[in-house]
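What follows is a set of notes on a single structure, which appears directly below.
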Amino acid sequence: MTSLDSSPEAVRGDSGTAAKQIPPAAVARLTLYLRALTTMLAEGVDRVSSESLAEASGVSSATLRKDLSHVGSYGTRGVGYEVQYLSRHISAALGLTKDWKVAIVGAGNLGKALARYGGFESRGFDVVAIFDADQMIVGNEVGWLRVSDAADMEAVLQRTGANMVVLALPAAVAQSVCDRVVAAGVRSILSFAPVMLQVPPGVNLRKVDMATELQILAYHAQRTQAPEELE
């Protein structure tokens, strides 16, 4: 078994093979550009300069131009980028033009918050199911969904066509549930469980560790604070 908790090294096309190699850091920044472009579209902006898009995304214009070179050059010197056109091409590079159906395993506080989050649909992700093993929770409504029994997970995943799964589970059960998800044919998993999971080759696993992120934030914060503030 191989751990794939690290960032993927390529944006992949519909065929499942690497469509174009894009560095992981650039992939992360592409999501920032897309968010900024989506806001601009909502505000009726037709064109944007690299400087303005970079500023809205919190990066330098040189970094932005280098990142966009991975998906093709769509800017015109002195004119800038057509917002809708660039947004469409970044979405395609990130795989967001596909039909992504998401299932959440774990209907605790985190799972319920994720299920109720309205931003997923606007970004192309349709939450189609939520599961829990607690019979006191099964059958309850969370947002527009009804909590399904985790014992029926494989059947519900097949029925709903879920092709992404979010694990919002305790560490003790995360690996066994992850194994079931993989055996059910799901190849894209996002885990909030505080444990390293093992998945076979061909399965994309992303891990969100909030404690680790806070530790990293603390490191950067202490580097920017005056010495007397740290006493």
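The values are calculated or read from the model by the stated rules, or taken from the named source; none is laboratory data. As the structure is a prediction and not an experimental result, all values here were calculated from the model. Reconstructed Cβ throughout: ideal geometry from the backbone, glycine too, with neighbour counts over all protein chains shown.
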Practice problem: Name every residue in the stretch 94-114 that is crowded, with 21+ Cβ neighbours inside 10 Å and either in a loop (DSSP other than H, G, I, E, B) or in contact with a Leu (Cβ under 8 Å, 6 or more places away or on another chain) (or both), in order of residue number. | Solution: ALA103, ILE104, VAL105, GLY106, ALA107
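Given the criteria modelled with pLDDT of 90 or more and of a type in the set (Lys, Arg), does ARG88 qualify? Don't jump to the end; show me each part of the working.
Values: modelled with pLDDT of 90 or more: no; of a type in the set (Lys, Arg): yes.
When the stated conditions are applied, ARG88 does not pass them.
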Quiz item: Conditions: (1) at pLDDT below 95; (2) of a type in the set (Val, Ile, Thr); (3) not assigned by TED's automatic domain parsing to the domain that holds ALA26. VAL105 meets all but one. Number of the miss?
Solution: (1)
Practice problem: Take the residues in the stretch 39-63 that are surrounded by fewer than 20 Cβ atoms within 10 Å (Cβ to Cβ), assigned to a helix (DSSP H, G or I) and in contact with a Lys or Arg (Cβ under 8 Å, 6 or more places away or on another chain), then tell me which one is modelled with the lowest pLDDT. | Solution: SER50
Quiz prompt | Checklist (1) charged (D, E, K, R); (2) crowded, with 21+ Cβ neighbours inside 10 Å; (3) under 30 Å from GLY72 (Cβ atoms) applied to ASP132, failing item | solution = (3)
Quiz item: Where in the stretch 115-231 are there strands (runs of 3 or more DSSP E), lying wholly inside it, with at least 3 residues that are in contact with a Ser or Thr (Cβ under 8 Å, 6 or more places away or on another chain) and either at pLDDT below 95 or in the same structural domain as PRO24 (by TED's automatic domain parsing) (or both)?
Solution: 204-207
Quiz prompt | Selection count where residues are surrounded by fewer than 17 Cβ atoms within 10 Å (Cβ to Cβ) and farther than 18 Å from PHE120 by Cβ, scope the stretch 158-194 | solution = 14
Self-check item: Residues satisfying the stated conditions in the stretch 180-217, i.e. more than 14 Å from ASN163 (Cα to Cα) and either without any contact (Cβ under 8 Å) to a residue 12 or more places away in the chain or among the hydroxyl-bearing types (Ser, Thr, Tyr) (or both)
Solution: SER191, THR212, GLU213, LEU214, GLN215, ILE216, LEU217
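Out of the residues in the stretch 64-93 that are in a loop (DSSP other than H, G, I, E, B) and among the β-branched types (Val, Ile, Thr), state the one that is farthest from the chain's Cα centre (by Cα).
Restricting attention to the stretch 64-93, the residues satisfying the condition of being in a loop (DSSP other than H, G, I, E, B) are 69-74, 77-79.
Subset that is among the β-branched types (Val, Ile, Thr): 71, 79.
Details: VAL71: 19, VAL79: 32 Å.
Residue satisfying both the conditions and the ranking: VAL79.
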Quiz prompt | Unmet requirement for TYR81, which otherwise passes all of (1) touching a Lys or Arg at 6+ places or on another chain (Cβ under 9 Å); (2) outside the structural domain of ALA36 (by TED's automatic domain parsing) | solution = (2)
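Got at least one residue in the stretch 148-164 being under 21 Å from the mean Cα position of the chain (by Cα) and within 30 Å of GLY44 (Cα to Cα)?
For the stretch 148-164, residues under 21 Å from the mean Cα position of the chain (by Cα) and within 30 Å of GLY44 (Cα to Cα): absent.
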